[in-house]
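Encoded as structure tokens, the structure appears first; notes follow it.
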Amino acid sequence: MEILVQKFGGTSVQSEENREYVIKHIKDALIKGYKLVVVVSALGRKPDPYATDTLLGLVDYPNNQNSARELDLLMSCGEIISSVVLSNELQKSHISATALTGSQAGFLTSEDFNKARIKEVNPTRILKELENHDVVVIAGFQGQSHTGEITTIGRGGSDTTAAALGVALNAERIEIFTDVNGIMTADPRVVKSARPLEIVTYTEICNLAYQGAKVIHPRAVEIAMQGKIPMRIRSTYSEDLGTLVTSSRVLEMGVDIPDRMITGIAHMSSISQIKVKTKESAYRLQSEVFKAMAEAGISVDFINISPTGVIYTVPEALTEKAVHILEVLGFYPEVTEGCAKVSAVGAGMTGVPGVASKIVQALTNSGVQILQSADSHTTIWVLVHKNDLITAVNALHEVFDLSHINELQR
């Protein structure tokens with residue numbers, strides 16, 4: 001039995017008209033002889049009546065009195081509704097289909113409500129259903145704890161559901177259908193000359209996703225990478241094959257990764273930079289600052305530590321809370337609000353001299369002030385003023401000639 005896992009996001013299943021495109025992709029795969037496991041998100045986005053945010057609005061979230069456990073009961077409903085609706089329409093199209101919840105599909109999770117982790121996927125029920133049906137439609141984003149509690153696995157959870165199923169079923173590949181035609185070299189709303197990527201490595205797309213590209217959840221890519229299951233990121237509304245995500249460009253195209261130094265430019269906005277200097281022991285400052293942020297549930301990023309202090313970033317919405325905590329501890333933080341993080345990502349930059357120099361020169365020539373920088377083997381980050389975001393992303397896209405990346409890939 002050759003199994004293909006397909007995942008369709010909220011906009012793809014939003015309306016009957018959109019679901020016609022979904023059913024066409026399913027039919028195309030069935031014609032090729034596959035059995036299909038289809039993962040769906042909740043129908044549409046707010047204010048659509050069954051979208052996750054709309055359901056949360058029924059209890060006045062975040063000002064609700066419900067426990068996290070009860071919120072999971074509510075949030076799981078959207079995907080269940082979606083799975084039943086699509087299964088019904090498939091059967092109307094004379095396709096043998098059935099719907100399963102996450103727990104019925106064999107997802108065992110931790111009991112961390114609203115952000116559960118998948119501990120195990122038992123595909124026995126799915127395989128049994130595939131003996132009698134051509135398509136099994138799974139409600140994404142959810143599972144069940146060992147005590148029988150319904151759980152959800154956080155935003156982007158339907159991507160993660162699809163990836164976990166792909167690995168558990170040893171699928172030929174995982175296809176993630178969205179409203180964009182694959183992975184782009186940059187956000188096309190920011191860079192008009194952005195181009196689609198035919199192929200990327202797992203590591204590259206993980207880094208792009210973590211740094212702001214919103215096409216796929218990075219956790220899903222990590223799971224697929226561990227199971228060595230190829231992924232395709234495709235548009236629901238196109239026949240184009242989109243972007244292939246795999247372990248090596250060499251195996252798929254005969255072109256080595258170093259031939260493409262930079263794969264794409266990602267960005268994140270609404271960030272605040274916090275600087276804390278010390279006149280006492282640097283060790284006290286370093287340990288107390290990050291411990292206090294962790295205990296307050298504030299995720300920190302872009303961390304630079306030196307003997308004289310620490311610099312890091314927080315989401316802009318948490319700036320006031322972070323500053324108050326620091327002041328209570330006796331520190332005097334210096335805050336720069338209205339920042340943005342711009343990242344150049346590419347597996348081909350590893351060990352190549354001059355990449356950082358090229359980035360700095362391009363931004364300097366464009367009049368963009370660099371507030372902070374950091375790098376890894378495959379990513380170089382810079383923090384800039386949010387007002388400079390569009391200029392910075394376009395400058396880096398141009399300096400690495402990414403508008404011609406499809407020519408470089410061949």
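Comparison of Val323, Val355, Val360, Val342 shows that the only residue that is farther than 29 Å from Thr203 by Cα and aliphatic (A, V, I, L, M) is Val323.
Put simply, of Asp60, Asp72 the only residue that is modelled with pLDDT of 95 or more, farther than 17 Å from Ile26 by Cβ and assigned to a loop (DSSP other than H, G, I, E, B) is Asp60. Residues in the stretch 123-161 that are aliphatic (A, V, I, L, M) and closer than 21 Å to Asp53 by Cβ: Ala139, Ile150, Ile153.
Just a yes or no: is a residue in the stretch 351-360 without any contact (Cβ under 8 Å) to a residue 40 or more places away in the chain, assigned to a loop (DSSP other than H, G, I, E, B) and buried (at least 17 other Cβ atoms within 10 Å of the Cβ)? Among the residues of the stretch 351-360, not one is without any contact (Cβ under 8 Å) to a residue 40 or more places away in the chain, assigned to a loop (DSSP other than H, G, I, E, B) and buried (at least 17 other Cβ atoms within 10 Å of the Cβ), which makes the answer no. If the condition is being under 19 Å from His133 (Cα atoms) and free of Cβ contacts under 8 Å to residues at least 40 places away in the same chain, then the stretch 17-28 contributes Lys24, Asp28.
In the condition set (1) open to solvent by 40 Å² or more (accessible area, probe 1.4 Å); (2) in contact with a Pro (Cβ under 8 Å, 6 or more places away or on another chain), Ile390 is compliant with all but (2). Residues in the stretch 210-246 that are buried (at least 22 other Cβ atoms within 10 Å of the Cβ), in contact with a Phe, Trp or Tyr (Cβ under 9 Å, 6 or more places away or on another chain) and under 18 Å from Ala266 (Cα atoms): Val221, Ile233, Val245. Which residues, counting only those in the stretch 217-232, are part of a loop (DSSP other than H, G, I, E, B) and under 18 Å from Arg155 (Cα atoms)? Hit for the stretch 217-232 is His217, nothing else.
In the stretch 323-344, the residues that are over 16 Å from Thr313 (Cα atoms) and open to solvent by less than 50 Å² (accessible area, probe 1.4 Å) form Cβ pairs under 7 Å with partners that are in a loop (DSSP other than H, G, I, E, B) and among the β-branched types (Val, Ile, Thr), at six or more places apart or across chains, as follows: Ala344/Ile262.
Looking at the stretch 105-170, the strands (runs of 3 or more DSSP E) lying wholly inside it that each contain 3 or more residues that are open to solvent by 10 Å² or more (accessible area, probe 1.4 Å) and at pLDDT 95 or above sit at 118-121.
In the set Arg195, Arg155, Arg173, only one residue is in contact (Cβ under 8 Å) with a residue 24 or more places away in the chain and touching a Lys or Arg at 6+ places or on another chain (Cβ under 7 Å); that residue is Arg173.
Given Met268, Met293, which one is closer than 27 Å to Glu398 by Cα, at pLDDT 90 or above and crowded, with 19+ Cβ neighbours inside 10 Å? Quick ask: steps written out before the conclusion?
On the way: Met293 fails: closer than 27 Å to Glu398 by Cα.
Just one listed residue meets the conditions, Met268.
Considering the stretch 372-387, and only residues there that are part of a strand (DSSP E or B) and open to solvent by 50 Å² or more (accessible area, probe 1.4 Å), the residue that is farthest from Glu204 (Cα to Cα) turns out to be His385. Only residues that are in a helix (DSSP H, G or I), farther than 23 Å from Leu71 by Cα and either open to solvent by less than 20 Å² (accessible area, probe 1.4 Å) or in contact with a helix residue (DSSP H, G or I) (Cβ under 9 Å, 6 or more places away or on another chain) (or both) were counted across the stretch 28-54, and they come to 1.
The values are calculated or read from the model by the stated rules, or taken from the named source; none is laboratory data. Quantities reported herein were computed from a predicted structural model and do not represent experimental measurements. A quick note on method: Cβ atoms are made from the backbone with ideal geometry, for glycine too, and the neighbour counts reach across all protein chains shown. These accessible areas exclude ligands, DNA and RNA; they are computed on the full protein's heavy atoms, side chains included. Shrake-Rupley method; radii C 1.70, N 1.55, O 1.52, S 1.80 Å.
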